[in-house]
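In what follows, a structure is listed as structure tokens, so that the remarks can point back to it.
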Amino acid sequence: MSFEALQRRAAARGRTAAVLAAKTPAFFIAFDVLQQDGTELLTRPYHERRRILEDLCDTHQLSPP
């Protein structure tokens, strides 16, 4: 989970990008959901937002890397 490696990946193009992607895969990790279907969720307690996030992950068959 190196930010420096992520920056190199983001700046790479063409063949270099493919090599870096294979060597250093990147993942998006969500810890909270702030909006769903155009509805802001910031006023809801964290435990509710976390439940919504977990439900979204289950619905879309998402799992941690």
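Return the residues of segment 1-45 that are basic (K, R), modelled with pLDDT of 90 or more and more than 22 Å from L62 (Cβ to Cβ); say none if nothing qualifies.
R13, R15
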Where C57 falls short, out of the listed (1) part of a loop (DSSP other than H, G, I, E, B); (2) surrounded by 10 or more Cβ atoms within 10 Å (Cβ to Cβ): (1)
Sole residue being in a loop (DSSP other than H, G, I, E, B), within 14 Å of the chain's Cα centre (by Cα), free of Cβ contacts under 8 Å to residues at least 12 places away in the same chain and on the phi < 0 side of the Ramachandran plot, chosen from L62, L42: L62
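The values are calculated or read from the model by the stated rules, or taken from the named source; none is laboratory data. None of these values were measured; they are calculated from a predicted model. Positions of Cβ are backbone-derived with ideal geometry, glycine not excepted, and every protein chain shown enters the neighbour counts.
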